[in-house]
Amino acid sequence: MSDDEEVLVKKSKQIHYGSLEEQEKARLAALAAAAKEGVEDTNGKELGDIQISNEYMELEEEMSKDKKALLEEFERRRKARQLNVSTDDDEVRRSLRQLGEPVCLFGEGPAERRVRLRDLLSYLGEDAIHKKLEEEEARIERDRGREGTWYHEGPPQLREARLWIARYSLPRAKLRLMRAREDLKLAGSVRAAARQESQRRASAASIYCSQIGDTRPISFCRFSGDSQMLITSSWSGLVKVWSVPECRLLQTLRGHTCNVSGAVFRPGATLPPHFREKISQADDRMEGEKAELENGGMETEGGGEGASEECTMASCAYDGSVHLWNFSSENPLASLQGHSPSRVARVEFHPSGRFLATTVFDHSWRLWDLETTTEVLHQEGHAKPVYSIAFQGDGSLAVTGGMDAFGRVWDLRTGRCVMFLEGHLGPVLGADWSPAGHRLATAAADHQAKIWDLRKRAPIYTIPAHTHLVSEVRYQRSHGHYLLTSSYDCSARLWSDPAWHPLRTLSGHDNKVMSADISMDNKYIATCSHDRTFKLWAPDLA
């Protein structure tokens, strides 16, 4: 071996026995002392960046919080197992929707959806769905009251009109309630017998008279208060007054220049003496000289002796014109300006006869004081044109139906909308009040008629009345024992109250029935049609 060769020395392993705890404690103490004095450690490293904290975490407190959360989770799971959740998947979906949760998650089946609903209810509470429903109903009511009604500023005369209506309606309401109490004192069998007799007569109705009323479709018809006259309006622009039941032309009213949409008698209007004389003269001519029977001889071309000069009729037309008439002249007594160019669909007298309501296609309806021929109320509230209107018998309430498929009940004494009629699927084309005062009926383009109860503030029955739109609905005038509906399916129908069974179908028109009415004495039913005729129907009890 030469001297240049390197000799590798193998080091022997050294094993140390004993604890290093004392050395570690000494090292940590030295580090703490050095940090406190701000000196450098043995390796020359500065210790100023070492974070020293005197805060201590209470392990027992943290452990108690974790334990409490764990116990709460166990309690929640126990409650979840005890919750009764429907096994109907549709009901589970509805419940999830009401809670504002997704109805279905990706890859989720009915069983998983039911488990998810149970877990949600265990967090929110078992009555969470009921609370959500109550909150939603309260919100809808609040929004409906805030956003669904508009009030138009009225003139100073409006307050006087409301006070007058209140003074007029309250005694009539008291009298109506007294009569209702007297009826309740009668035996149930007596009331049922009277109802059955009225319905029996209605079910026996047949054609009594058919008359060609004009050269164009007849749009509207109404009986007078004494049931001895019938007024019809036509698309020719003419309004005609006919005798009942002879169906003789008594008067032709000329003043409109386009389609007339409605015409009504004023409450209390009765057959004037000069009309009676003309009817008796016509009867004498029929007995003496049949060859001289001509309709022209019956037409009133001028004033008659004894004719009243006060307003007895009103009519409206498509051009927005509203005319007032009397029995002494064929020319308008007065005109109510302010509707043009909007179409006026219907006119209706207040039961007192002092006020006249008009429904306008500018989404409003109006109330006029006929003593001063001024507009005292311009009421908005419908989202589309207002088509129909009817006054309660007391005169305190009015119902309007609009092309927006909704109806509204208005308190004329306060101006408030006291009930919102929601349920039709088409324009509300007709409305009428029951003589009892707390029920009303509406007719709509969805082929149905609905019965509403003001005490329940809800519909109580839906009559699938016709196969086409329902153009008119009318209650029996005296007791409301039956209901009349007319339709564009060329028929009118009678329905029993309160069972709403069909009593009779009045078929005879060749085209759609535009309007219908029941006489005040319940003897006759009138229908008018697009086929230019009107018909009288009476019970055939022979």
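Here's the yes/no breakdown for (1) assigned to a helix (DSSP H, G or I); (2) at pLDDT below 70; (3) small (Gly, Ala, Ser):
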site	(1), (2), (3)
His16	no, yes, no
Ser19	no, yes, yes
Leu28	yes, no, no
Ala32	yes, no, yes
Asp41	no, yes, no
Glu62	yes, yes, no
Arg78	yes, no, no
Glu108	no, no, no
Only one residue in Thr215, Thr270, Thr232, Thr257 is part of a strand (DSSP E or B), on the phi < 0 side of the Ramachandran plot and in contact (Cβ under 8 Å) with a residue 12 or more places away in the chain, so which one is that?
Thr232
So Leu99, is it over 30 Å from Glu422 (Cβ atoms), out of contact with any strand residue (DSSP E or B) (no Cβ under 6 Å at 6 or more places or on another chain) and modelled with pLDDT of 80 or more
no
Identify the residue in the range 307-328 that is open to solvent by 40 Å² or more (accessible area, probe 1.4 Å) and touching a strand residue (DSSP E or B) at 6+ places or on another chain (Cβ under 9 Å) and, among all such residues, is nearest to Asn259 (Cα to Cα).
Tyr318
Considering only residues that are β-branched (Val, Ile, Thr) and assigned to a helix (DSSP H, G or I), which ones fall in the range 80-106?
Val92
Within the range 246-254, identify whether any single residue is closer than 30 Å to Thr414 by Cβ and surrounded by 14 or more Cβ atoms within 10 Å (Cβ to Cβ), and answer yes or no.
no
Note on the range 121-149: residues at pLDDT 75 or above, surrounded by fewer than 16 Cβ atoms within 10 Å (Cβ to Cβ) and not aliphatic (A, V, I, L, M) are Tyr123, Gly125, Asp127, His130, Lys131, Glu134, Glu135, Glu136, Glu137, Arg139
How do the pairs read when you match residues in the range 76-87 that are touching a residue at least 12 places away in the same chain (Cβ under 8 Å) with residues anywhere that are open to solvent by 100 Å² or more (accessible area, probe 1.4 Å) and not in a helix (DSSP H, G or I), using Cβ under 9 Å and keeping only pairs 6 or more apart or on different chains?
Lys79/Glu126; Leu83/Glu126
Could you give every pair whose Cβ atoms fall below 9 Å, whose first residue belongs to the range 312-327 and is without any contact (Cβ under 8 Å) to a residue 40 or more places away in the chain and more than 18 Å from Ser388 (Cα to Cα), and whose second residue is buried (at least 24 other Cβ atoms within 10 Å of the Cβ) and hydroxyl-bearing (Ser, Thr, Tyr), counting only separations of at least 6 or pairs across chains?
Asn326/Thr312
Quick check on the range 150-182: of everything there that is loosely packed, with under 13 Cβ neighbours inside 10 Å and among the charged types (D, E, K, R), which residue is nearest to Gln379 (Cα to Cα)?
Glu153
Is it true that Ser224 is closer than 22 Å to Leu333 by Cβ, of a type outside the set (Lys, Arg), at pLDDT 85 or above and touching a Phe, Trp or Tyr at 6+ places or on another chain (Cβ under 7 Å)?
yes
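Give the residues of the range 518-542 that are of a type in the set (A, V, I, L, M), under 32 Å from the mean Cα position of the chain (by Cα) and part of a loop (DSSP other than H, G, I, E, B), sorted by residue number.
The answer is Met520, and nothing else.
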For the range 410-431, does any single residue satisfy the condition of being open to solvent by 50 Å² or more (accessible area, probe 1.4 Å), under 21 Å from Pro267 (Cα atoms) and touching a residue at least 24 places away in the same chain (Cβ under 8 Å)?
yes
Taking the condition on the phi > 0 side of the Ramachandran plot, free of Cβ contacts under 8 Å to residues at least 40 places away in the same chain and open to solvent by 10 Å² or more (accessible area, probe 1.4 Å), does Arg457 pass?
yes
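The values are calculated or read from the model by the stated rules, or taken from the named source; none is laboratory data. Here the structure is a predicted model, which is why all the values come from computation and not from measurement. Note: ideal-geometry Cβ built from the backbone for every residue, glycine included; neighbour counts use all protein chains shown. Each accessible area value is taken on the protein alone, full model and side chains, heavy atoms only, with ligands, DNA and RNA left out. Shrake-Rupley method; radii C 1.70, N 1.55, O 1.52, S 1.80 Å.
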